Amino acid sequence: MKTLKTLALGASALAMASAASAEISDGKVKIGLLTDMSGTYSDLAGPGAVAAAEMAIEDFGGTVAGAPIELVTADHQNKADIAANKAREWGEAEQVDSFAELVTTSTALAVYEIAKQQNKVVLVSGAASSPLTNDACIPSGIHYTYSTTALANGTGKAVVAEGGDTWYFLTADYAFGQALEADVTKVVEGAGGKVLGSIRHPFPASDFSSFVLQAQASGAKVIGLANAGADTTNAIKAANEFGLVAGGQSIAALLMFITDVHALGLETAQGIQLTTGFYWDMDDETRAWSEKFMERTGKMPSMVQAGVYSSVSFYLKAIEATGSDDTDTVMEWMRDRPIDDFFAKGGTIRSDGRMVHDMYLARVKSPAESKGPWDYYEIVRTIPGEEAYGPLSDSTCPTK
Amino acid sequence: MTTKLGYAVALVLLLIAPFFLYPVLLMKFLCFALFACAFNLILGFGGLLSFGHAAFFGGAAYITGHAIKVWGLPTELGLLAGAAAAGIMGLAAGMLAIRRQGIYFAMITLALAQMAYFLFISAPFTGGENGLQGVPRGTLLGMVDLQDNMAMYYFTLAIFLAAFWLIARTVHSPFGQVLRAIRDNEPRAVSLGYDVDRYKLQAFVLSATLAGLAGALKTVVFQLASLTDAHWHMSGEVVLMTLLGGVGTIAGPAVGAGIIVALQNLLASGPLSAWVPVVLGVIFVICVLSFRRGVIGELRAFIQKSF
């Protein structure tokens, strides 16, 4: 009996010792990347985001703290249930340590729930909605690249400051569009501007002519597009046909990516103001990385793709420094240190999971101004992170 | 005899499956299998092509999620609430839709489902396009913790088997016979004195309720309800599952659901991940062109021919 007890004690001591020395769980670091590979967002995230994550891992040499890094990817098809299913499976059966990318807010929220239960790190880059760092926040989630708050603050405030003080909204008639309109209205009125009205269009819509005509007739200086994706590009095409910009009004797209501009062409997109978290042609560092990305994928990176590279690199750095892939250890390390790379200079991760970094207000160049392929943006202003994302005290995250 | 043997083998496989395959994936399969079987009840046996079953599936998913998460109902009652809501929706939709036949019936169900979809996208309780997230799984009768995947699997399996039995029983009952008579020759069923509309409506409501039960179950399994469940793609997917497995066979839709769920899952992380819709489309075309009776239908024909 006594020997049995000793044996049991010895065994448990041994088990504890081995657990302490094997800081990297299962001897490898596994990152699960969920993105939209074939749908609406595959251009701004999708295969490019996978390439960005692969680049981050390669640039790290393929190993971290002596353990190999593995990347698994899946197409969540913008469906929350597929994302949740994959994330759960990866976490339970395939020892995935963290989840990355997650375009489309519903999939990000679904994976947040799984990550909360399994205590895994989530590096959100593609999803936009601010609930991720408010009511739905989790201690191990980082909302890395941008958010609807930053888009509203960035574009709304800056445009009013430049004299665009009367606004009219073209709003997608569902929760996201309405929330974005409400956010921007607050910002515009706070900055001394005036909202003359808004028109709701069904989601999704293809014919924007009547909406654009109404916006044109409103006489507002700025037409705010509170929609996304194909709705935004279709609205811009219609605005172009009716000569909205040529008539002296300007368009503020509240959610637009460089890939959208690329798809529209400068002829159509010129003059649009937008907020972005990253532009490839900022300085030598951004250019160097973006050229590498271009070589690999044939396209310049969107802010989402650059954000994936930056967030995965920072996560790997944390593992390298702490020698552990334990979620709490890694999160603590990341929260305590500024992010300094080509993507974010002096970015910090707040306790509500928000990665605060500078945003940029950009104006799309005209074909005459553009000097080459992908030379699309003129950076009008750098929006300091604090201003773009608002103070931490505004966050309704319960664990902040 | 072969059918009974087939069912016995399938039951054993379902009982031991979670020890070899990932339980959550199996639960997803069971939910869609139930959805497809419920759909087949009116397509295969009633001859009514509904293109709006996603509304019942998704509607029940939202009601169940809301009932469990916000009202704090126990899991079992939440499931019942979802199924009952789907039944009521089915009654309302059915009363309008069964007045017409063929393409008009399909269009009316589609139109009603689209109305439901726009209701879900703008109603505050559904969370819009973010979906209803973080629904707790709760406990079974206050005793078994359903957070455990194994417990949840056997709970799901029990519900699936009960519903499957109910469908099989309905199909083989006098009610099912009349339904088939209506499908094959409606004027004749009328001339025999059957109140055709009442039979159709009953079948429609039963189908909607069971489709709702499937959606409700899916909410509990995945702990979320999203717009995907209510989108018309879902109505299309269930048609695909039913046709692929074998329309008008009892087990066919379940097999079809298994094939689709397995494919979606396998393809999602393979090299074909950008091609999932294309692959499914190709399979659908092949199925319609070369084996119209579906997997189970062809199998049955083969067995009948050979033995």
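The values are calculated or read from the model by the stated rules, or taken from the named source; none is laboratory data. It should be emphasised that the depicted structure is a prediction, and the values quoted were computed from it without experimental measurement. Please note: Cβ atoms are built from the backbone with ideal geometry, for glycine as well, and neighbour counts cover all protein chains shown.
Evaluate the following for B:Gly248: is it more than 14 Å from chain A (Cβ to nearest Cβ) and outside any helix (DSSP H, G or I)?
Taking the combined requirement at face value, the residue satisfies it.
Tell me, which strands (runs of 3 or more DSSP E) lie completely within region A:215-293 with 2 or more residues that are over 23 Å from the mean Cα position of the chain (by Cα) and outside the structural domain of A:Ala49 (by TED's automatic domain parsing)?
Numbers: elements: A:222-226, A:250-253, A:273-276.
Because the criterion is at least 2 residues that are over 23 Å from the mean Cα position of the chain (by Cα) and outside the structural domain of A:Ala49 (by TED's automatic domain parsing), the strands (runs of 3 or more DSSP E) in region A:215-293 that meet it are A:222-226.
Working only within region A:26-48, note down all residues that are part of a helix (DSSP H, G or I), surrounded by fewer than 24 Cβ atoms within 10 Å (Cβ to Cβ) and within 17 Å of the chain's Cα centre (by Cα). Reasoning before the result, please.
Our first condition is that a residue be part of a helix (DSSP H, G or I); within region A:26-48, this holds for A:26-27, A:46-48.
Checking the rest, the ones that are also surrounded by fewer than 24 Cβ atoms within 10 Å (Cβ to Cβ) come to A:26-27, A:47.
Of everything in region A:26-48, just one residue is part of a helix (DSSP H, G or I), surrounded by fewer than 24 Cβ atoms within 10 Å (Cβ to Cβ) and within 17 Å of the chain's Cα centre (by Cα), namely A:Pro47.
Considering only residues that are within 17 Å of B:Gly212 (Cα to Cα) and free of Cβ contacts under 8 Å to residues at least 24 places away in the same chain, which ones fall in region B:162-171?
B:Ala162, B:Trp165, listed by residue number.
Here is a list: B:Val239, B:Val247. Which entry is in contact (Cβ under 8 Å) with a residue 40 or more places away in the chain, of a type in the set (A, V, I, L, M, F, W, C) and out of contact with any Gly (no Cβ under 8 Å at 6 or more places or on another chain)? Walk me through it before giving the result.
Values: B:Val247 fails: out of contact with any Gly (no Cβ under 8 Å at 6 or more places or on another chain).
It is B:Val239.
For every residue, the table says whether it meets (1) outside the structural domain of A:Gly248 (by TED's automatic domain parsing); (2) part of a loop (DSSP other than H, G, I, E, B); (3) over 17 Å from the mean Cα position of the chain (by Cα).
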residue: A:Glu113; (1), (2), (3): yes, no, yes
residue: A:Val122; (1), (2), (3): yes, no, no
residue: A:Ala127; (1), (2), (3): yes, yes, no
residue: A:Pro131; (1), (2), (3): yes, no, no
residue: A:Ile142; (1), (2), (3): yes, no, no
residue: A:Gly156; (1), (2), (3): no, no, yes
residue: A:Gly164; (1), (2), (3): no, yes, yes
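Looking only at region A:70-111, how many residues end up being in contact with a Ser or Thr (Cβ under 6 Å, 6 or more places away or on another chain) and assigned to a strand (DSSP E or B)?
3
For region B:16-119, which fully contained helices (runs of 4 or more DSSP H) count at least 3 residues that are without any contact (Cβ under 8 Å) to a residue 24 or more places away in the chain, of a type in the set (S, T, N, Q) and touching a strand residue (DSSP E or B) at 6+ places or on another chain (Cβ under 7 Å)?
Values: elements: B:23-43, B:53-69, B:75-97.
By residue number, no helices (runs of 4 or more DSSP H) qualify.
From the list A:Ile251, A:Ile199, which residue is buried (at least 21 other Cβ atoms within 10 Å of the Cβ), away from chain B (no Cβ under 14 Å) and in contact (Cβ under 8 Å) with a residue 24 or more places away in the chain? Talk me through it step by step, then tell me what you get.
Numbers: A:Ile199 fails: buried (at least 21 other Cβ atoms within 10 Å of the Cβ).
After ruling out the rest, the residue left standing is A:Ile251.
One line per residue, one yes/no per condition, for (1) modelled with pLDDT of 90 or more; (2) crowded, with 24+ Cβ neighbours inside 10 Å; (3) touching a Gly at 6+ places or on another chain (Cβ under 7 Å):
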| position | (1), (2), (3) |
| --- | --- |
| A:Asn85 | no, yes, no |
| A:Glu89 | no, no, no |
| A:Glu92 | no, no, no |
| A:Asp97 | yes, yes, no |
| A:Leu102 | yes, yes, yes |
| A:Val111 | yes, yes, no |
| A:Gln117 | no, no, no |
| A:Val122 | yes, yes, yes |
| A:Ser125 | yes, yes, yes |
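Within region B:227-239, is there a residue that is in a helix (DSSP H, G or I), aromatic (Phe, Trp, Tyr) and away from chain A (no Cβ under 14 Å)? I'd like the intermediate steps shown before the answer.
Just the residues of region B:227-239 that are in a helix (DSSP H, G or I), to begin with: B:227-230, B:232-239.
If we keep only those that are aromatic (Phe, Trp, Tyr) as well, we get B:232.
Narrowing further to those that are away from chain A (no Cβ under 14 Å): none.
The answer is no, given that none of the residues of region B:227-239 is in a helix (DSSP H, G or I), aromatic (Phe, Trp, Tyr) and away from chain A (no Cβ under 14 Å).
Considering every residue within region B:143-150, establish whether at least one is buried (at least 17 other Cβ atoms within 10 Å of the Cβ), outside any loop (DSSP other than H, G, I, E, B) and among the hydrophobic types (A, V, I, L, M, F, W, C). Outline the logic, then answer.
Here is the first cut: in region B:143-150, the residues buried (at least 17 other Cβ atoms within 10 Å of the Cβ) are B:146, B:149.
Going one step further and asking which of them are outside any loop (DSSP other than H, G, I, E, B), we end up with B:149.
With the extra rule that they be among the hydrophobic types (A, V, I, L, M, F, W, C), the set shrinks to none.
Scanning region B:143-150, I find no residue that is buried (at least 17 other Cβ atoms within 10 Å of the Cβ), outside any loop (DSSP other than H, G, I, E, B) and among the hydrophobic types (A, V, I, L, M, F, W, C), so the answer is no.
Among the numbered conditions (1) away from chain A (no Cβ under 14 Å); (2) touching a Ser or Thr at 6+ places or on another chain (Cβ under 9 Å), tell me where B:Ala17 comes up short.
(2) is the only condition that B:Ala17 fails.
Being buried (at least 16 other Cβ atoms within 10 Å of the Cβ) and in a strand (DSSP E or B) is the filter here, so list the residues in region A:166-196 that pass it.
Answer for region A:166-196, where residues must be buried (at least 16 other Cβ atoms within 10 Å of the Cβ) and in a strand (DSSP E or B): A:Thr166, A:Trp167, A:Tyr168, A:Phe169, A:Leu170, A:Thr171, A:Ala172, A:Val195.
Kindly check whether there is at least one residue in region A:384-396 that is closer than 19 Å to A:Val184 by Cβ, surrounded by fewer than 21 Cβ atoms within 10 Å (Cβ to Cβ) and free of Cβ contacts under 8 Å to residues at least 24 places away in the same chain.
Yes, there is a match, as at least one residue in region A:384-396 is closer than 19 Å to A:Val184 by Cβ, surrounded by fewer than 21 Cβ atoms within 10 Å (Cβ to Cβ) and free of Cβ contacts under 8 Å to residues at least 24 places away in the same chain.
Across region B:214-226, which residue is farthest from the other protein chains (Cβ to nearest Cβ) among those that are touching a strand residue (DSSP E or B) at 6+ places or on another chain (Cβ under 7 Å) and either without any contact (Cβ under 8 Å) to a residue 12 or more places away in the chain or of a type outside the set (Gly, Ala, Ser) (or both)? Give the derivation first.
Restricting attention to region B:214-226, the residues satisfying the condition of being touching a strand residue (DSSP E or B) at 6+ places or on another chain (Cβ under 7 Å) are B:219, B:224-225.
Subsequent filtering for residues that are either without any contact (Cβ under 8 Å) to a residue 12 or more places away in the chain or of a type outside the set (Gly, Ala, Ser) (or both) retains B:219, B:224.
On the way: B:Thr219: 9, B:Leu224: 5 Å.
Among those residues, the one meeting the criterion is B:Thr219.
Among the residues of region A:260-278, count how many are farther than 15 Å from A:Pro373 by Cα and buried (at least 21 other Cβ atoms within 10 Å of the Cβ).
Keep residues of region A:260-278 that are farther than 15 Å from A:Pro373 by Cα, which gives A:268, A:271-278.
From the residues that got through so far, the ones that are buried (at least 21 other Cβ atoms within 10 Å of the Cβ) too are A:272-278.
Number satisfying all stated conditions: 7.
Looking only at region A:325-360, which residues are of a type in the set (Asp, Glu) and either part of a helix (DSSP H, G or I) or without any contact (Cβ under 8 Å) to a residue 12 or more places away in the chain (or both)? First the steps, then the outcome.
So in region A:325-360, the residues of a type in the set (Asp, Glu) come out as A:325-326, A:328, A:332, A:336, A:340-341, A:352, A:358.
Matches in region A:325-360: A:Asp328, A:Glu332, A:Asp336, A:Asp340.
I'd like the full set of residues that are in a helix (DSSP H, G or I), in contact with a helix residue (DSSP H, G or I) (Cβ under 8 Å, 6 or more places away or on another chain) and more than 14 Å from every other protein chain (Cβ to nearest Cβ), limited to region B:258-307. Show your work before the answer.
As a first pass, look at region B:258-307 and keep what is in a helix (DSSP H, G or I): B:258-268, B:273-290, B:294-306.
Okay, now just the ones that are also in contact with a helix residue (DSSP H, G or I) (Cβ under 8 Å, 6 or more places away or on another chain), so B:258-265, B:267-268, B:273-276, B:279-280, B:283-284, B:287-288, B:294-297, B:303.
Listed by number, the residues that qualify are B:Gly258, B:Ile259, B:Ile283, B:Phe284, B:Cys287, B:Val288, B:Gly294, B:Val295, B:Ile296, B:Gly297, B:Ile303.
Applying the selection to region B:232-275, what residues are surrounded by fewer than 22 Cβ atoms within 10 Å (Cβ to Cβ) and on the phi > 0 side of the Ramachandran plot?
Residue satisfying the conditions is B:Gly248 alone.
Looking at B:Ala168, B:Ala162, can you tell me which residue is more than 14 Å from every other protein chain (Cβ to nearest Cβ) and surrounded by 14 or more Cβ atoms within 10 Å (Cβ to Cβ)?
Values: B:Ala162 fails: surrounded by 14 or more Cβ atoms within 10 Å (Cβ to Cβ).
Exactly one residue qualifies, and that residue is B:Ala168.
Taking region A:58-69 as the search range and keeping residues that are part of a loop (DSSP other than H, G, I, E, B) and free of Cβ contacts under 8 Å to residues at least 24 places away in the same chain, which one is nearest to the other protein chains (Cβ to nearest Cβ)? If you could, list the steps in order and put the result at the bottom.
Step one: list which residues in region A:58-69 are part of a loop (DSSP other than H, G, I, E, B), which gives A:60-62, A:65-66.
Restricting the remaining residues to those that are free of Cβ contacts under 8 Å to residues at least 24 places away in the same chain gives A:61-62.
On the way: A:Gly61: 25, A:Gly62: 20 Å.
Looking at the filtered set, the residue picked out is A:Gly62.
Return the pairs, sorted by first residue and then second, in which the second residue is part of a loop (DSSP other than H, G, I, E, B) and not basic (Lys, Arg), the first residue lies in region A:70-90 and is more than 7 Å from chain B (Cβ to nearest Cβ) and closer than 26 Å to A:Ser25 by Cβ, the beta carbons are less than 6 Å apart, and the residues are 6+ apart or on different chains.
Pairs found: A:Ala83/A:His76; A:Trp90/A:Val96.
So A:Asp281 ticks every box in (1) modelled with pLDDT of 90 or more; (2) crowded, with 23+ Cβ neighbours inside 10 Å; (3) touching a Lys or Arg at 6+ places or on another chain (Cβ under 7 Å) but one. Which box is left unticked?
(2)
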